[in-house]
1. How big, on average over all directions, is the shadow cast by the Cα convex hull of the stretch 132-245, in nm²?
2. Need one number: the % of Cα-Cα pairs in the stretch 1-118 sitting beyond the 17 Å mark.
3. Project the alpha carbons of the stretch 147-192 onto their principal axes and report the range along each, largest first, in whole Å.
4. Distance from the Cα centre of the stretch 203-242 to that of the stretch 17-39, in angstrom?
5. Return the Rg/Rh value of the chain, two decimal places, where both radii are evaluated on C-alpha atoms and Rh is the Kirkwood radius.
6. For every other residue with a beta carbon closer than 15 angstrom to the beta carbon of ALA239, add +1 if it is Lys or Arg and -1 if Asp or Glu, then tell me the sum.
7. Taking the Cα-to-Cβ direction at ASN77 and at ARG18 and moving 7 Å from each Cα, how far apart do the two end points lie in nm?
8. Evaluate 2.2 N^0.38 Å with N set to the residue count of the stretch 41-98, then give the Cα radius of gyration divided by it.
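The values are calculated or read from the model by the stated rules, or taken from the named source; none is laboratory data. Nothing here was measured: the structure is a model prediction, and the numbers come from that model. Neighbour counts are summed over all protein chains in view; Cβ atoms, including those assigned to glycine, are modelled from backbone coordinates with ideal geometry. Quick note on the areas: whole protein, heavy atoms, side chains included, nothing else; ligands and nucleic acids left out. Shrake-Rupley method; radii C 1.70, N 1.55, O 1.52, S 1.80 Å.
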Amino acid sequence: MADKQVKLPRVPESLLKRRKQVAASKAKALKAQAAERKKRAVKKKVIFKRAEQYVKEYRAKERDEIRLARVAKKAGNFYVPSEPKLAFVIRIRGINGLHPRPRKILQLFRLRQINNGVFVKLNKATLNMLKVAEPYVAWGVPNQKTVRELIYKRGYGKVNHQRIPLTDNAIIEKELGSKDVICMEDLIHEIFTVGPNFKYASNFLWPFKLSSPLGGWRRKYNHFNDGGDFGFRDTKIDALVKQMI
C-alpha cells in the first residue's frame, strides 16, 4: 500500500493569521465606535441642558432689569443699570499718520487690519486704552444676539496658531475643555457674561474679519456724536455689526 498522502490545509496559515487579526481589529473598532457614540449622546444631553439653562438665565436677567426700572419709576426714582462689562471694538482706520502709542494699543487689542473686531473686557485699564485709540476704532456695548451672531457666523478659533472655522464643538472642547467650555453656547455665555474664563475664551477666538458696512462709512475722521464713525456708540454698535456681518 502506498503511503497515505498528508492532507495540506487548503488555506495557508499566514492568511488565516491575517484574517484573525483583521477580524480582531474590526471588532475593536466597532467597540470603540459604539463607546464614542454613547459618549457623544451623553455630551449632547449635557449641551442641551446647558443651553436651556443659559436661555433661562438671559430671560431672568432681562425681566429683572424691566422690573427694577418699573419699581423705581413707581417710587418716583430713576433706575441706573449696572456698568457694562463687555465691549465690541472694530478698527475703522489704517496706518497712515498713526502715532506709535495708539498703534501699540491696537496691536495689544489684536486689531491689525481694517474692519477687524474683538471682544474686550471693560475695566479702568482697557477704558484708558480705548480713550487713546478712539480716533481709529468704533466701539460699543453689544447685546446677546450680536455676540451670538458674530460667533456663529464669523467665528474662527485659534488652534496651533492657525485660523480654524468653528464647525464642530470638538474643536472648542479640545482647546477650552479644561476651562469647562465644551460647546458654542458655553463660549457665547462666557463671552457675553464676561465669566471667569473670559480671557481664555476671547484669546481662543480669532479677531473677527468683518466686511465694510452696507452703504459705506459716513465720515471716519469725525466722532460718532458729530455725525461721524469713530468712538463710543453704546448699544448702537449692534446696528453697525449687523451691517458688517
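1. In nm², the orientation-averaged hull projection of the stretch 132-245 is 7.7.
2. 81 percent
3. 24, 22, 15
4. That distance is 54 Å.
5. Checking Rg against Rh, the ratio lands at 1.28.
6. After counting each charged neighbour, the total is +1.
7. Using points 7 Å along Cα→Cβ, the separation is 8.4 nm.
8. 1.94
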